[in-house]
Structures are given as structure tokens and as C-alpha cells.
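**Q** If you scroll down you'll find the structure; I have some questions about it.
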Amino acid sequence: MDKRTFLRSLGLLSLAAVPSVYGMERWIELHDHIAPEELAGDEKFWQGIRKGYRLKPDYINLENGYYCMQPQKTLESFIQHVRDVNYQASYYMRTVQWKNKKKMSDKLAELVDCPADELIITRNTTESLDMIIGGLHWEEGDEAVMAEQDYGAMLNMFKQVAKRNGVVNKIISVPNHPKSDEEIVKLYADAITNKTRLLMVCHMINITGHILPIRKICDMAHSKGVQVMVDGAHALAHIKFSMKDLDCDYYGASLHKWLSVPLGAGVLYVKKKHISNIWPLLAAGNREEGDISVLNHIGTHPVHTDLAIADAIDYYMMIGPERKEERLRYLQNYWTKQVRSLPHIILNTPEDPTRSCAIANIGVKGIKPGELAKILLEKYKIYTVSIDRAGVHGCRITPNVFTTPAELDVLVKALKDLG
């Protein structure tokens, strides 16, 4: 059997003894009595979830971190939203678009456990966090702390405010394999001075999947009078958390990643007391003091994407946040445990299962990341992405709930072959 035929056969596995897309809710209800950690390895259950997705059979998709496809149920709802908005046209835009967007943001606020008047829908993480970086009232000599592993768009925005406002950017490096939370907290603490105004930190580092101790970092920074902005692009709907528990000042995320909202939606949380101190990205006109809508004026935009947020949240809640997180962590541990000890393998993700979930980054000694990604795709039909910066040299491997151990076995075989 050639690899293309093998990949197609993997997709056909989901056709047997599992529910139709529209019987998904009942299928999940039948497994409600099973604990999430036990259900994580129940392949029959997850074959049922897999059937809710239309998967391309030409390759194994292990690059779900950039953009997670929508399950068919969410996709069909989104298409209907497009039709409905198109049918009503200007009438919709002038009558109910803002009311409906508020419903969506309220639902998001409930999901992340924060007050509804502290959260808005944006277009992506970059817009959310760059609005904060560019919107603070910086003075020359002010300092900002960040890590070289942070996302490039935010680092570039900090470079811009350095040029424009004379801000001093202090860049640390987060170790791939820390000994403790305290080691990480100390790295950030040591970079803070009496001139530091903002600390940026990833909830989950996008290039390694490393989950950072956000609450401990926030507590430390706040004790020094420093605000904390969290990049949660890969955390929302990936790992379960509460904004109240994190106690950060700002939090941005993209909804097209792990929540599987159509492209074009993100979220920004701003602690109430800071709202009036941020310059909006686009001028919004007069608002009451502390009204977060002042940060939400972006002009005419694809409102049908906003409507799909509720459908995506409903799907996520139907699967169950705990079930999803346990499955994603199970899949990552399934393949990493098989290769971590191999002498030619470099794993850039912590071994401690509490410090990561779905995402892991792997390198092969003697093979550049770009070449490794090419080999995986051309020889083994595995699609991933290469990372070659900030002390991380390898390919990011990002399964999703529809990924099977059989697919990950292909990855494991490939990595062993390259030894």
C-alpha cells in the first residue's frame, strides 16, 4: 500500500460505528459518564468526533496551530450566516449588527470568565495586543519587558514604539526546559526596573507550546507596579482557564485557532481601570468613561464571522473543555514519549505534561528545520511548519481533536527513520 492510499484509509476509519455530524450531541452524551482523562485515549469516541470534520486525505495535517479548520457543523452555520446577512444587506447592518455582536462578546466573556464590559471582539491577536502596545501613553525612557520567543508581530510593534516614543525594550529568553515556575518568574523579575511600565508574556509560547505560569508572573509584576499583557493566541479553547484567576491587565487571542471560528475574529480583554488609558486603534468618537466600545471601532467588517462565534463556542462546549484539553495533551504525549529519548532527537517542549498540551516542537540533529519540514511533507505526507529562531530549531507539531494515533505513528516512524 502506498502512502497516499494509506492516508486515505485513515480517513475512512471514521466512517464505521460512529455518528453522523448531526448526531454528534447524542454521541457525546453517551460518554458523559466517562472521566475526561479516561476518555482521552478512547479511540472509538474520538473517531466519532473526527467524523464531524472534512479532512483532506492528501496529507496528515499536523499544523493546526496557525488556523484550525471548522467542524462541518460550525461551517454550515457560518455559511447560513453569510446568506442571511447578504439577504438583509444594509437593513441588517443598520439595525441589529451591534446588538448581535454584543451577544457574541457576552458569550465570549462567559467562556473566559470575565465581566462582559471588559471584553471586545477584534480581528485577531495581533490587532488586540498591538492596540495595547501602540495605545499606551508612553514617555521617553519608559521600559517594556518581553521574551525573544514572543510572536513577531508584537515584537515588531514594540520596536515601532521604541522608534516613535523612545521606549526601551528589554528582551529575555525563556528556557525550553525550566526547572521550576520560579526560574521563569525570576527571569522576568530581574528585567524589571523602576522605569518598567509593561510586561508582555505568552500564555502558551507559539513556537514550542510551553505553558507559562501567568498568575505567578502577574503577581510578581503587580507587586512592582508593572502591568501585564498576555498573548493568549494558543491558549483560548486549548486549555481551560479563568481570566479572573490569571489577574492580568490585558489579554488578547485569536478565535480562528483553537476555538475554530472562521477567519477574522479575535478577542481583547482589558481590565476596567485601564480602558480609559488606552488610545483606540481607530478614533471612535465620544464614549462614557471606561466604556470598552471606544476600543472597538474598526469600520465596516465581515459581521457574519462574528455570528459564527456562538456556534463555535457551542461546539466547543458540546465536546467539553476538559475532554478536549485531555485529548490534546494525550496526543502530544503519545508521540513525544516514543521519540524523546532518541539520541538524534531534540525536543524543544518541556517534558512535564502540565507545561504543555497539544503543541510540541521537535528537531533532528544535523537537519535544518526547513529541510525537516520538507522531508516530512514530501516523503511522509505530513504537513507541519518549521521554526528556526530564538533558541528553537525544529518543526512545530500541532495535532487537533480529529488527529488519530495512527497518523502520529507515521510521524514517529519518520523521526526514527531519520536517525
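The values are calculated or read from the model by the stated rules, or taken from the named source; none is laboratory data. The model shown is predicted, which means the values in this text are computed figures rather than measured ones. So basically every Cβ, Gly included, is an ideal-geometry build from the backbone, and we count neighbours across all protein chains shown.
**Q** Within the range 281-318, how many residues turn out to be surrounded by fewer than 19 Cβ atoms within 10 Å (Cβ to Cβ), of a type in the set (S, T, Y) and closer than 30 Å to H31 by Cα?
**A** Adding up the residues that qualify gives 0.
**Q** Also, quick follow-up: If you go through the range 133-145 one residue at a time, do you hit one that is assigned to a helix (DSSP H, G or I) and touching a Leu at 6+ places or on another chain (Cβ under 6 Å)?
**A** Keep residues of the range 133-145 that are assigned to a helix (DSSP H, G or I), which gives 133-135.
The next check asks that each one be touching a Leu at 6+ places or on another chain (Cβ under 6 Å); those that pass are none.
No, the range 133-145 has no match at all.
**Q** Related question: Failed condition for R8, given (1) charged (D, E, K, R); (2) surrounded by 12 or more Cβ atoms within 10 Å (Cβ to Cβ); (3) at pLDDT 55 or above, with all others met?
**A** In the conditions (1) charged (D, E, K, R); (2) surrounded by 12 or more Cβ atoms within 10 Å (Cβ to Cβ); (3) at pLDDT 55 or above, R8 misses (3) alone.
**Q** Starting from the range 372-387, keep only residues that are on the phi < 0 side of the Ramachandran plot, then list their pairs with residues that are part of a loop (DSSP other than H, G, I, E, B) whose Cβ atoms are within a distance under 6 Å, requiring at least 6 positions of separation or different chains.
**A** Short answer, once both residue conditions are applied: A373/T384; L376/T384; I382/L62; Y383/Y59; T384/L62; I387/I207.
**Q** Taking I171 as the residue in question, decide whether it is part of a helix (DSSP H, G or I), in the same structural domain as A284 (by TED's automatic domain parsing) and more than 18 Å from the chain's Cα centre (by Cα). Explain how you work it out, then say what you get.
**A** Details: part of a helix (DSSP H, G or I): no; in the same structural domain as A284 (by TED's automatic domain parsing): yes; more than 18 Å from the chain's Cα centre (by Cα): yes.
It is false that I171 is part of a helix (DSSP H, G or I), in the same structural domain as A284 (by TED's automatic domain parsing) and more than 18 Å from the chain's Cα centre (by Cα).
**Q** Here is a further query. If you scan the range 54-97, which residues turn out to be out of contact with any Leu (no Cβ under 9 Å at 6 or more places or on another chain), in a loop (DSSP other than H, G, I, E, B) and aromatic (F, W, Y)?
**A** Within the range 54-97, just Y66 meets the criteria.
**Q** Go over the candidates A153, A162 one by one and state the one that is among the small types (G, A, S), surrounded by fewer than 21 Cβ atoms within 10 Å (Cβ to Cβ) and under 17 Å from the mean Cα position of the chain (by Cα).
**A** Details: A162 fails: under 17 Å from the mean Cα position of the chain (by Cα).
Criteria check complete, one pass: A153.
**Q** For the range 182-271, which fully contained strands (runs of 3 or more DSSP E) count at least 1 residues that are of a type in the set (G, A, S) and either closer than 20 Å to F158 by Cα or in the same structural domain as H304 (by TED's automatic domain parsing) (or both)? If you could, list the steps in order and put the result at the bottom.
**A** Working: elements: 196-202, 227-231, 250-254, 266-270.
Once the strands (runs of 3 or more DSSP E) in the range 182-271 are filtered for at least 1 residues that are of a type in the set (G, A, S) and either closer than 20 Å to F158 by Cα or in the same structural domain as H304 (by TED's automatic domain parsing) (or both), what remains is 250-254, 266-270.
**Q** A further question follows. Scan the range 211-230 for residues that are under 16 Å from K271 (Cβ atoms) and crowded, with 19+ Cβ neighbours inside 10 Å and report the count.
**A** Number satisfying all stated conditions: 9.
**Q** I would also like to ask the following. Can you go through A284, A312 and tell me which one is over 30 Å from E38 (Cα atoms) and either over 24 Å from the mean Cα position of the chain (by Cα) or among the aliphatic types (A, V, I, L, M) (or both)? Talk me through it step by step, then tell me what you get.
**A** On the way: A312 fails: over 30 Å from E38 (Cα atoms).
Only one candidate passes the filter, namely A284.
**Q** Tally the residues that are out of contact with any Cys (no Cβ under 9 Å at 6 or more places or on another chain) and more than 30 Å from M318 (Cβ to Cβ), restricting the search to the range 256-292.
**A** 20
**Q** Based on this model, can you work out whether D130 counts as of a type outside the set (A, V, I, L, M), part of a helix (DSSP H, G or I) and within 30 Å of N194 (Cα to Cα)?
**A** yes
**Q** Hey, can you tell me all the residues within the range 54-98 that are farther than 16 Å from A310 by Cα, among the polar types (S, T, N, Q) and in contact with a Lys or Arg (Cβ under 9 Å, 6 or more places away or on another chain)?
**A** Correct list: N64 only.
**Q** Filter the range 272-287 for residues that are in contact (Cβ under 8 Å) with a residue 40 or more places away in the chain, under 16 Å from E118 (Cβ atoms) and in a loop (DSSP other than H, G, I, E, B) and give the result.
**A** Narrowing the range 272-287 to residues in contact (Cβ under 8 Å) with a residue 40 or more places away in the chain: 272, 274-275, 277-281.
Now restrict to residues that are under 16 Å from E118 (Cβ atoms): 272, 274-275, 277-278, 280.
Result: I278, P280.
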